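What follows is a set of notes on a single structure, which appears directly below.
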Amino acid sequence: MKIHRGPATTRPPESTSHDRTKHHLLPDGQPCDFLEAIGVMTSEGRVKASRQGKFRQVNRFLELVDDCVEGLPQEGELRVVDFGCGKSYLTFAVHHLLRELRSREVRIVGVEREAEVVADCREVAERMGLDEISFHRSEISEFDHDGPVDLAVSLHACDTATDDALARAVGWQAGVILAVPCCQHEFAGQLAIGDLAAVHRHGILHERLAALVTDALRAEALEVCGYRTRVVEFIDLEHTAKNVLLRAVRREPGAVDQRRRAERAEAYRGLRAMLDVETTRLEQQLGPEFLERVSG
């Protein structure tokens, strides 16, 4: 038996796209003053092992903020509010992006209810000479901002605190709203079981369904309020299960399609009725005008 040898073939190299180093707005290996100051990075520019998850989250959030920069006012000082800022990883990161990387004047307010955390954040801002960053101890629902807001952000505000943040931002007519919800318990005991008994029988599925429904209602509510809204992936599931981000951009008053608003209000009512949910925290916080729009 003869073996006919054809021309040698070259096997295409295996894709290594998953191994490529991602170019972050905040690179690992490059010293960054604020990341060192808040304990994420060493003075040599290396991200601490215990802060890798937070570093990835902040970098991803910055990418999403950067995508919205063109939609913010192109002149003057940008006004930003960070709801439930915690240790202010995101607060300082957004300042760095807008001020250092995009050369914009910016004033940022971080809102946090824990007094000790607020004191620590203030100390860092003072140590770095960042007078344009301030921190206020307050519940999100009770915080009032003096003047307009261009960008409102919220990273993992717990349960209905996300609703408080959304309602506050809408009330101020914030130009852009970016929110990553955290744990969501409001609907866990409210959802109608009916034909979904097979889902509700399993705790993890019930929990995920409640979270999905909550975010769907939030997205529709923002549309009713005159925002162009998208729900996007925040970060890979392997890094956090809380991987949904609500991105809402306010439509210009003259560009608000009343017919579309009415359609979104109808969709909101339909979803709420199907799930037999009587009312939501977001509805209560948005107030009478919103309730009138979705009352049918």
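Residues that are more than 22 Å from VAL244 (Cα to Cα) and of a type in the set (Asp, Glu) do not occur anywhere in segment 161-179. For SER154, the conditions (1) in contact (Cβ under 8 Å) with a residue 24 or more places away in the chain; (2) part of a strand (DSSP E or B); (3) surrounded by fewer than 21 Cβ atoms within 10 Å (Cβ to Cβ) all hold with the exception of (3).
Would it be correct to say that SER50 is assigned to a helix (DSSP H, G or I) and hydroxyl-bearing (Ser, Thr, Tyr)?
On the way: assigned to a helix (DSSP H, G or I): yes; hydroxyl-bearing (Ser, Thr, Tyr): yes.
Yes: the conditions hold for SER50.
On inspection, ALA197 does not qualify as within 17 Å of the chain's Cα centre (by Cα) and modelled with pLDDT under 85.
Restricting segment 119-149 to residues that are farther than 17 Å from ALA165 by Cβ and of a type in the set (A, V, I, L, M, F, W, C), the residue that is surrounded by the fewest Cβ atoms within 10 Å (Cβ to Cβ) is ALA119. I'd like to check something: does segment 122-140 contain any residue that is of a type in the set (Asp, Glu) and in contact with a helix residue (DSSP H, G or I) (Cβ under 6 Å, 6 or more places away or on another chain)? No: zero hits. The set of residues in segment 121-151 that are touching a Leu at 6+ places or on another chain (Cβ under 9 Å) and either in a loop (DSSP other than H, G, I, E, B) or closer than 17 Å to LEU286 by Cα (or both) contains only ASP150. A Cβ distance below 7 Å, combined with a sequence gap of six or more or placement on separate chains, defines the contacts here; from segment 268-290, residues that are acidic (Asp, Glu) reach residues that are modelled with pLDDT under 95 and surrounded by 12 or more Cβ atoms within 10 Å (Cβ to Cβ) in the pairs ASP276/ALA192; GLU283/PHE290; GLU283/LEU291. For segment 68-98, the set of residues classified as without any contact (Cβ under 8 Å) to a residue 12 or more places away in the chain and either crowded, with 17+ Cβ neighbours inside 10 Å or not in a loop (DSSP other than H, G, I, E, B) (or both) consists of GLU70 only.
In a residue-by-residue description of segment 100-109, the property of being assigned to a loop (DSSP other than H, G, I, E, B), touching a residue at least 60 places away in the same chain (Cβ under 8 Å) and aliphatic (A, V, I, L, M) applies to no position. For segment 172-194, residues that are assigned to a loop (DSSP other than H, G, I, E, B) and at pLDDT 85 or above total 5.
The values are calculated or read from the model by the stated rules, or taken from the named source; none is laboratory data. Since the model is a prediction, treat every value here as computed from it, not as a measurement. Here the Cβ is made from the backbone with ideal geometry for all residues, glycine too, and neighbour counts use every protein chain on show.
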